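Since every read-out is calculated from the coordinates, none of them should be taken as a lab result. No experiment lies behind these values; they were computed from the predicted model shown. A quick note on method: Cβ atoms are made from the backbone with ideal geometry, for glycine too, and the neighbour counts reach across all protein chains shown.
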Number of protein chains: 2
Amino acid sequence: MTDKNIKDLVDRYIAVSFSVHKKAEQLIQDEIGSGLTNDQHYVLRYMNKVGTCTSSELADVFEVKKSAITAIITRLWEKGLIQRTRDVDDRRVVYLTLTEQGQSLFDKTEDRIHKLVGSFINQFDTSEINQFINTYEKLNNILIESCECRGNKE
Amino acid sequence: MTDKNIKDLVDRYIAVSFSVHKKAEQLIQDEIGSGLTNDQHYVLRYMNKVGTCTSSELADVFEVKKSAITAIITRLWEKGLIQRTRDVDDRRVVYLTLTEQGQSLFDKTEDRIHKLVGSFINQFDTSEINQFINTYEKLNNILIESCECRGNKE
DNA sequence: ATGAATAGTTAAACTGTTTAACTATTAAAC
DNA sequence: GTTTAATAGTTAAACAGTTTAACTATTCAT
């Protein structure tokens with residue numbers, strides 16, 4: 001591949017990924033309403049998936065420091081969306097779970113997001129979607145490997 | 001497509017796009033060094049592309065309010081990377097350009113980024129890259145249309 | 001039993017963001 | 001022409017998210 005091709009590809013990729021990222025965040029923001037930020041929504045999403053987790057686990061998953069998680073968790077906790085429960089055996093550990101309110105908020109939002117996504121994927125055929133997400137995941141693996149080589153463990 | 005398929009697709013897409021976004025930002029951060037944030041780099045990138053621009057233009061391009069641009073521009077200006085020049089005809093307007101220092105910093109960084117990207121795209125064949133970015137751009141257009149329908153002009 | 005490691009929090013500092021008020025300037029209406 | 005609108009940009013206050021560094025409390029290891 002020539003240098004110019006690489007340059008064009010970089011420009012094109014940065015432009016489209018910026019725009020898609022921005023638009024997607026905006027659409028999600030519309031669905032979750034003004035009471036929650038996107039990042040807070042992603043935390044609820046993860047907790048919905050795994051049921052119970054800890055701050056350290058969230059810091060690993062979202063690739064940020066634990067103190068960043070504390071800030072987000074505290075805000076969700078103040079909104080009454082999550083619960084903090086100390087482990088009785090290892091009293092350093094705090095288990096995080098969705099409250100009923102948090103669960104029902106997430107469920108409602110997720111419904112709307114699924115409807116929205118449904119309306120988008122009608123416009124692609126299945127093979128195009130599969131091809132796209134496969135390449136995306138392949139790119140992800142290459143980036144992960146590259147980050148590990150460079151010692152960017154997190 | 002079934003509801004479960006949609007759910008799986010949403011989960012898979014969110015996971016991979018989060019991870020790729022994070023890794024890409026990290027790799028770019030490694031290349032641009034600690035003196036600059038990613039957002040600041042993207043502003044330099046745009047200015048390198050167009051030569052001269054205004055704050056209002058940047059606000060349009062990056063889809064943020066003008067005051068957010070002022071903050072970023074001021075930080076780049078304090079680092080001596082960009083120049084502010086008042087228009088002599090319309091004295092409300094301030095033209096923004098890269099200083100020599102800003103240009104040379106961007107050029108050096110861009111070289112390294114191109115080398116890095118070059119090492120990645122070796123691992124895909126051309127048709128896969130084209131297919132991927134075409135679908136990505138198609139998705140972008142769908143999202144743009146959807147945002148416009150909902151009145152999210154910016 | 002002491003010292004090291006772990007889980008989580010707190011505080012300070014910073015970037016990026018929005019809203020709202022403001023200045024300065026230009027354009028439009030009359 | 002003067003007054004009114006709109007435009008370009010900045011400033012200030014407030015907030016979310018982030019990191020670093022110091023700290024508490026607890027558990028593990030030797």
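Averaged across the residues of B:109-119, what count of C-beta atoms belonging to other chains lies within 10 Å of each residue's C-beta?
3
Could you check the spin-label model distance between B:Lys108 and B:Glu57? Points 7 Å from the Cα along Cα→Cβ, value in nm.
Placing both labels 7 Å along Cα→Cβ, they lie 2.6 nm apart.
Measure nothing fancy, just the Cα-based angle from helix B:3-32's long axis to the longest principal axis of chain B, in degrees from 0 to 90, nearest 10.
30 degrees
In segment A:36-123, how many lysine pairs have Cα atoms under 25 Å apart, counting only pairs 8 or more places apart or on different chains?
8
Averaged across the residues of A:5-12, what count of C-beta atoms belonging to other chains lies within 10 Å of each residue's C-beta?
Across the residues of A:5-12, the mean count of other-chain Cβ atoms within 10 Å is 5.
How big is the dipole moment of the protein assembly as shown about its Cα centre under a simple scheme where the beta carbon of each Lys and Arg is +1, that of each Asp and Glu is -1, and everything else is neutral? Debye, nearest 20, please.
Dipole of the protein assembly as shown, to the nearest 20 debye: 780 debye.
Could you let me know the centre-to-centre spacing of segment B:96-154 and segment B:2-51, using Cα atoms, in angstrom?
Answer, in whole Å: 10.
Could you size up the charge dipole of segment A:36-123 around its Cα centre, putting +1 on the beta carbon of Lys and Arg and -1 on that of Asp and Glu, and report it in debye to the nearest 20?
200 debye
Measure nothing fancy, just the Cα-based angle from helix A:100-121's long axis to the longest principal axis of chain A, in degrees from 0 to 90, nearest 10.
It works out to around 10 degrees.
How large is the helix-only mean residue ellipticity at 222 nm for chain B, computed as the sum of -39500 (n - 2.57) over DSSP H runs with n ≥ 4, divided by its residue count, in deg cm²/dmol to the nearest 500?
Counting only the DSSP helices, I get -24500 deg cm²/dmol.
Counting partner chain Cβ atoms within 10 Å of every residue's Cβ in B:54-66, what's the average?
Per residue, the average neighbour count from other chains is 1.
For chain A, what's the radius of gyration and Dmax over Cα atoms, in angstrom?
Values for chain A (Cα only, Rg and Dmax): 18.9, 61 Å.
If the elastic network links every pair of Cα atoms under 10 Å, which of A:Arg86, A:Arg75, A:Arg112 fluctuates the most in the Gaussian network model of chain A?
Among A:Arg86, A:Arg75, A:Arg112, the largest GNM mean-square fluctuation belongs to A:Arg86.
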